[in-house]
Amino acid sequence: MKTTVLFVSLCLAGRAQSPSAPSDSSVIQALLSEVHQLRLALERSNTIGPRIQLAVERVKLQQPAVTRLSEQLESVRHDLERAQPDEARFVGQIKAMETEVSQTVDPAARNRMESTVKEMQIALEQGQKVVAALRSREAELSARLQTEQGTLDGLNDRLNQIERALSQ
């Protein structure tokens, strides 16, 4: 009877170990799968890391260029705002002076006034040239700023794409 009990115990012990063998195999497979996924994640991280760093450095370089152009454009616009009222003031003064010249009968005073009108007309033409140059500079800076801002926006979009790829 002792042998029968011993035999039954051994059979039961053998059966108990038999299902654990597949269980050990499935655990090993799960661990191998986990290690494989970890390796893929590390490889992906190693390839994306330099891309992120490169994109961030490009943004760091691009941002000051955009800021500098924006400040230059604002300065030119400010100069243009100041120059335009001077032009209108000069035109009014010239018209008033021309009216006064036509009403003056003293030839010496008339000559002085005509000379002053000519000087004012020269100053007005120079002012108009300055305004034209400022408008040209404004258009140039505006176009460059738009280009640089587009580049910066593209870099930020690239960073957003990388971020989305990382979150997936």
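Below are the figures for this structure:
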read-out	value
Failed condition for GLU140, given (1) within 30 Å of ALA55 (Cα to Cα); (2) acidic (Asp, Glu); (3) open to solvent by less than 80 Å² (accessible area, probe 1.4 Å)	(3)
Filter result for GLN146 (assigned to a helix (DSSP H, G or I) and touching a helix residue (DSSP H, G or I) at 6+ places or on another chain (Cβ under 8 Å))	no
Some residue of segment 71-86 being surrounded by fewer than 15 Cβ atoms within 10 Å (Cβ to Cβ) and closer than 27 Å to ASN160 by Cβ	yes
Residue within segment 64-74 that is in contact with a Gly (Cβ under 7 Å, 6 or more places away or on another chain) and not aliphatic (A, V, I, L, M) present	no
Yes/no for ASN160 being within 30 Å of SER45 (Cβ to Cβ), touching a residue at least 60 places away in the same chain (Cβ under 8 Å), within 20 Å of the chain's Cα centre (by Cα) and assigned to a helix (DSSP H, G or I)	no
Yes/no for ILE48 being β-branched (Val, Ile, Thr) and either open to solvent by 90 Å² or more (accessible area, probe 1.4 Å) or closer than 30 Å to MET120 by Cα (or both)	no
Within segment 51-62, tally of residues that are open to solvent by less than 80 Å² (accessible area, probe 1.4 Å) and under 15 Å from the mean Cα position of the chain (by Cα)	4
In segment 87-116, the residues that are surrounded by fewer than 12 Cβ atoms within 10 Å (Cβ to Cβ) and part of a helix (DSSP H, G or I)	ALA88, GLY92, LYS95, ALA96, THR99, SER102, GLN103, PRO107, ALA108, SER115
Near pairs, Cβ below 8 angstrom, 6+ apart or cross-chain, from segment 44-66 (more than 14 Å from LEU155 (Cα to Cα)) to any residue that is part of a helix (DSSP H, G or I)	ILE48/ILE162; ILE48/ALA165; ILE48/LEU166
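The values are calculated or read from the model by the stated rules, or taken from the named source; none is laboratory data. Model, not experiment: these values are computed from the prediction. Quick reminder, even Gly has a Cβ in these numbers, built from the backbone with ideal geometry, and neighbours come from all protein chains shown. All accessible areas refer to the heavy atoms of the entire protein, side chains included, with ligands and DNA or RNA removed. Shrake-Rupley method; radii C 1.70, N 1.55, O 1.52, S 1.80 Å.
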